[in-house]
Amino acid sequence: MFRIKNSIVKKIGITIFIFVLLVFVIYYNFLNVQIKNYLEQQGKEQLRNESEYLCAEIESYLEKYTVIVEQAKMDPEFVNVAKEIDNRYSKRENPAFAKVCDELSDICSLDDNIAQAYIALGSANDLITNIYDIDMAPGYDLSKRKWYVDTIAQNKTTISPPYVDLITNKTAITISAPLIDNDQVYGAFGIDILIEDINTIMNECNLEIESSVGLVYNNGRILYNPNAKDAIEVDYTYIQDTLSQELTKDMLSGQSGVTQYTDQGQEKYIAYFPVKDTHIIVYNEILRSKILAPINRFIFINLLILIVIIILLFVGVSVLEKFFSTPLIMVCKQMQNFTNGRAIQLPQKIMDRNDEIGVLGSGFIFMTDKISNYILTLEQKNQELYDAKETINKERLRFKTTLRSLGDGVISTDHNGNIQIMNDAAENLTGWNKEDAAGLPFEKIFHILNENTGENAMNPVKRVLEKKEEDELEENILLIKKNGEGIPIEECTTPILDDTGNIAGVVIVFRDYSAKKEKQAEISYLSYHDQLTGLNNRHFFEKELKTLEKECYLPLSLALIDVNGLKLTNDAFGHQVGDKLLQIIAETLKISCRKNDMICRIGGDEFILLLPKTDEDVVERIMERINLEIGNLSVNDTIISVSIGWDTKKSSEHNIMDVYAKAEEIMYRKKLTESQNVKKKTIQAIVKTLHENNEREKVHSKSVGEISKKIGEELRLDQEILREVELTGMLHDIGKVALDSILLKKPGKLTNSEYEIIKRHAETGYHILKSVDAYANLSEYVLAHHEHWDGSGYPRGLKGAEIPLVSRIIMVAGAYEVMTGECVYRKALSKEEAIQELIRCSGKQFDPFIVEAFVNILRNQA
């Protein structure tokens, strides 16, 4: 038996061993890094979800008691008792005392966890409890009770920190709410809740999950410890004693989070979440080793598999060497013994090799000597065939690539009209697979109809075969796909001619026409319709007017409609409201007109109606119906009004443009009489809206008007100017109707951007009043009522006598009213404090002469 030292089988075996070992190392690193990171991330996510769930359970548990307190604080008996009792020693003399005690007892009986219910008497500094005979100790002081101080200070329902109840020696919390009447706080209502049920919730959670959950108060005191015998213990322990300072700080910060820490040499993950509206924090922790336990077991199993593979590999290599390698060498040696022909000399280094390759090389010499000549001849022939094949393949590949890259569908047929070639786009458009379609008649897969008539369209391939020239389908052609779906297409069909000029086949190129068709339809629609109202536009009107001038449409009535006060509405309420007004009018016109009447919007606030076959009596009834419908409408409490003019073309000799001019003249004549009245009513509606949304603005405007009139009288102004002064004072802030009411009522200081928004009200008020003749002269006063004497005001920076006298009066009156009136962001000043402030700002913000006159009025009133 032949043995070799450098066996290739052994080399292959070693190579496979190294490869398997390398794959295992890479696999192990992947598991150790990626999968561990994944498990750790999943573990942290699970901790977070369990903590959030526990928070929700505790919040739900406390919610029912919060609802009890919220309902009890509305009890008028409780409020009246808190209001009326001002002496703790005579509280039982109040006729409602016994009834209140009974009601408190009823509240306690609602739930076993309600240990006590009581009313805190603010004036008496005492409590009324559900037990009639209980009195507080003489030194009892509500101001030292945190639950009472918190709920009074925050003016809402609060939950106290947990504490040990002196009666039951169990942990409890107090839920309390202020007792309020007419915005005056007279005391508080509260209940003491035993929170042993939280212990049950925590215990059940610990039984269901692998991690450990606990509760801690925001000062660090541990309320629930899963490792303690009694989860809510009386003895105080603090989280600071077990966790690092940094982690403790994060947990008690009021924020939620998940982090990793080391406890007694063991790595752990901990998640913490605050319970809403309480000072309690839920935490949940788990050993890192528990999270990673699955991956460690998996790695151990894979290691066992690797050992088995190595053993099997060793056995396999041994068997392969014994039953394959050695016999192969023996056969090659025998082949060499029978060699008598001419040998091919191989490099000596190949022949000297002492392995399978060397033995095979020796045998190869014998065989190659015999067949080398045959191979040489065959190679020459094969090369010629290969070159020809490569040329054909390149041409075919180029053709296929070009065909596939086309976005249009391409189908090629033979001279009989049977399918030969289809590209991918053709498959998608027809719904036929190219393999299924091959050899089928063209009309079977290319079924086309006339979209308008529904009739079959002529086969384009058949038509080209008959005409022997290029052809295109007519418009409005639908291709019916294999699934029955129809799609509009456009196509071009071309004959394939051979060298003799005869038709060898046909190529049809086609594409989906849907998107192009929809785009054309959209463009056509937009060219004839108003985008805001959906009505026809001026372009449509001018086109349709030519059609309707025919005698068959006579009498033809034309009505012009102009919206009154649109600009005023835009200035007061914004363009969105103005757009809504136009849309409402458009819908009203649709409802009021007949089916064949044509409604068009030809300008910003102008509409036109074309009423074919409509005489004067009918058009008058239609206009009355429109006026009636619009008269019942409003936007933001603002009256909607239109001015309408119409005329009728009765004969073909009558020029339609003359009819248009007559209707326009009537419309503008009506607008002169109607528009100002509507605008005046709109101003009144604006003022009403402003005052209804902000009671403070109503008080402010009325007071400024009265104060301004007194200043005018002190300055001896004539009666006409006095009326303007008083009316301007009442309307000076009308521009605030365009501002957000939330911004006007904001407590505290405005930001720079918010102040810039507030400053716009002067200009808005100017535009609103300027549009109404009756108030046009007041608009300049309103525009300048925030200008300062030294030029530091807004919006134009006027100073001194450049500022209208009325505006200077309004500036002083308004400032005094704001200083002495109640505001959400500060307390009112006394009259003397306001006088000193006016004097201090005299010559800077205010006209000194007007300040002097107003101060004299105030001094004389004293």
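Things worth noting here:
- Taken as Cα centroids, region 579-632 and region 811-862 sit 55 Å apart, rounded to the nearest whole angstrom.
- Under Stokes-Einstein, with the Kirkwood radius over Cα pairs as Rh, the value for region 748-862 at 25 °C and 0.890 mPa s is 162 µm²/s.
- Value in Å of the Kirkwood radius, where region 43-169 supplies the Cα pairs that are averaged: 16.5 Å
- Working from Cα pairs under 8 Å separated by at least six residues, relative contact order for region 110-199 is 32 percent.
- Listed pairs Lys389/Lys462; Lys434/Lys462; Lys91/Lys146; Lys595/Lys736; Lys156/Lys831 exceeding 32 Å between Cα atoms: Lys389/Lys462; Lys595/Lys736; Lys156/Lys831
- Anchor Lys567: aspartates and glutamates whose Cα lies under 13 Å away (excluding residues fewer than 8 positions away in-chain): Asp579, Asp605, Glu606
- Packing-based order for 611-618, 381-388, 14-21, using average beta carbon neighbours within 10 Å, highest first: 611-618, 14-21, 381-388
- In region 539-620, Rg over Rh equals 1.05, where Rg is the alpha-carbon radius of gyration and Rh the Kirkwood radius from pairwise Cα distances.
- Contact order relative to length of region 423-481, as percent, for alpha carbon pairs under 8 angstrom and 6 or more apart: 39 percent
- Given a 1.4 Å probe and the protein chains as shown, Phe849 ends up with an accessible area of around 130 Å².
- Aspartates and glutamates with Cα under 19 Å of Lys799, excluding same-chain neighbours fewer than 8 positions away: Glu763, Glu780, Glu787, Asp790, Asp847, Glu852
- Partner aspartates and glutamates for Lys83 [C-alpha distance under 17 Å; skip if fewer than 8 residues away on the same chain]: Asp75, Glu93, Asp126, Asp181, Asp183
- Annotation: amide H of Asp126 within the under-5 Å range of Leu121, sequence separation 5 or more or interchain, hydrogens built in the peptide plane.
- Å³ per residue enclosed by the Cα convex hull of region 715-775: 110 Å³
- Compactness of region 461-605 as Cα Rg over 2.2 N^0.38 Å, two decimals: 1.77
- Amide H within-cut-off set for Asp263, under 5 Å, with H built and near neighbours excluded: Lys268
The values are calculated or read from the model by the stated rules, or taken from the named source; none is laboratory data. From a predicted model like this one, the values you see are computed outputs, not experimental measurements. With ideal geometry, Cβ positions are generated from the backbone for all residues, glycine too; neighbour counts draw on all protein chains shown. Please note that ligands, DNA and RNA were not included when accessible areas were found on the heavy atoms of the full protein model with its side chains. Shrake-Rupley method; radii C 1.70, N 1.55, O 1.52, S 1.80 Å.
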